[in-house]
Amino acid sequence: HELPDPFTVMATQNPLEHVGTFPLPESQLDRFLMSLKLGYPPRDEERSLLLSGGVQNLLREIEPVVSAEEIRELQRRAEQIKVTEKLADYALSLAEATRSSQQLLLGISTRGVQGLLSATRALALCEGRDFAVPDDVQRLAPAVLSHRIALKVGSSSLAVRREAIRKIVHETPVPA
């Protein structure tokens with residue numbers, strides 16, 4: 001089936017303890033660019049949501065804020081953001097650190113590094129720059145990489161995996 005361009009998939013995750021809920025295989029998780037934890041809305045907003053009839057009523061009222069063509073243009077502009085060889089090497093060093101970590105069973109794939117640099121370009125564009133910097137990589141690494149790794153022992157919660165990525169980011173030298 002031909003999909004529209006742009007095409008985006010957003011998914012939610014139920015706790016694994018729920019009946020009929022199973023973790024996705026690593027090969028499928030690797031295809032998601034980011035894993036974000038949004039949490040619950042503030043109490044007053046949640047109350048307002050409940051009193052308005054729920055999210056279904058609100059979804060009917062949502063108006064687009066950007067057209068498909070504008071999204072494609074932003075994607076083209078993000079692809080033009082400069083990533084230096086040093087910055088690409090830094091992203092590769094992070095991936096290699098996950099691959100050789102004694103704490104991890106599964107490290108970051110090439111697709112994961114590509115996703116990290118793609119997100120890095122988008123962040124630089126959002127911040128009005130035509131170049132990416134190591135800070136962009138560091139800020140995005142937990143959201144882009146944590147769902148792509150597997151720990152050898154202990155909790156496999158997203159919070160623990162995010163902390164493992166933060167530790168690797170902290171320990172990996174930043175290019176000068």
Quiz item: Assuming Thr98 fulfils every condition listed in (1) modelled with pLDDT of 95 or more; (2) hydroxyl-bearing (Ser, Thr, Tyr); (3) surrounded by fewer than 17 Cβ atoms within 10 Å (Cβ to Cβ); (4) touching a strand residue (DSSP E or B) at 6+ places or on another chain (Cβ under 9 Å) apart from one, which condition is it?
Solution: (3)
Practice problem: With the checklist (1) of a type in the set (S, T, N, Q); (2) loosely packed, with under 10 Cβ neighbours inside 10 Å; (3) more than 19 Å from the chain's Cα centre (by Cα) in hand, flag the one item Asn57 doesn't pass. | Solution: (2)
Quiz item: For the range 76-89, does any single residue satisfy the condition of being open to solvent by less than 70 Å² (accessible area, probe 1.4 Å), within 19 Å of Asp30 (Cα to Cα) and under 17 Å from the mean Cα position of the chain (by Cα)?
Solution: no
Exercise. Considering only the range 60-176, give the helices (runs of 4 or more DSSP H) lying wholly within it that have at least 3 residues that are among the aromatic types (Phe, Trp, Tyr).
Key: none
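Rundown of residues vs (1) free of Cβ contacts under 8 Å to residues at least 12 places away in the same chain; (2) of a type in the set (S, T, N, Q); (3) out of contact with any Pro (no Cβ under 6 Å at 6 or more places or on another chain), yes/no style:
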| site | (1), (2), (3) |
| --- | --- |
| Val66 | yes, no, yes |
| Ile81 | no, no, yes |
| Leu105 | no, no, yes |
| Ile108 | no, no, yes |
| Ser118 | no, yes, yes |
| Arg121 | no, no, yes |
| Leu125 | no, no, yes |
| Ala132 | no, no, yes |
Quiz prompt | Members of the range 123-165 found to be open to solvent by 50 Å² or more (accessible area, probe 1.4 Å) and touching a Ser or Thr at 6+ places or on another chain (Cβ under 8 Å), listed by number | solution = Phe131
Quiz item: Leu116: open to solvent by less than 60 Å² (accessible area, probe 1.4 Å) and more than 16 Å from Arg31 (Cβ to Cβ), yes or no?
Solution: no
Quiz item: Pick from the range 154-176 the residues that are in contact (Cβ under 8 Å) with a residue 12 or more places away in the chain and among the β-branched types (Val, Ile, Thr): which of them is farthest from Tyr90 (Cα to Cα)?
Solution: Ile165
Exercise. Identify all residues within the range 70-95 that are of a type in the set (Lys, Arg) and out of contact with any helix residue (DSSP H, G or I) (no Cβ under 9 Å at 6 or more places or on another chain); write none if there are none.
Key: Arg72, Arg76
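The values are calculated or read from the model by the stated rules, or taken from the named source; none is laboratory data. Source: prediction; values computed, not measured. All Cβ positions, even for glycine, are placed from backbone atoms using ideal geometry, and neighbour counts span all protein chains on display. Side chains included, ligands, DNA and RNA excluded: accessible areas come from the protein's heavy atoms. Shrake-Rupley method; radii C 1.70, N 1.55, O 1.52, S 1.80 Å.
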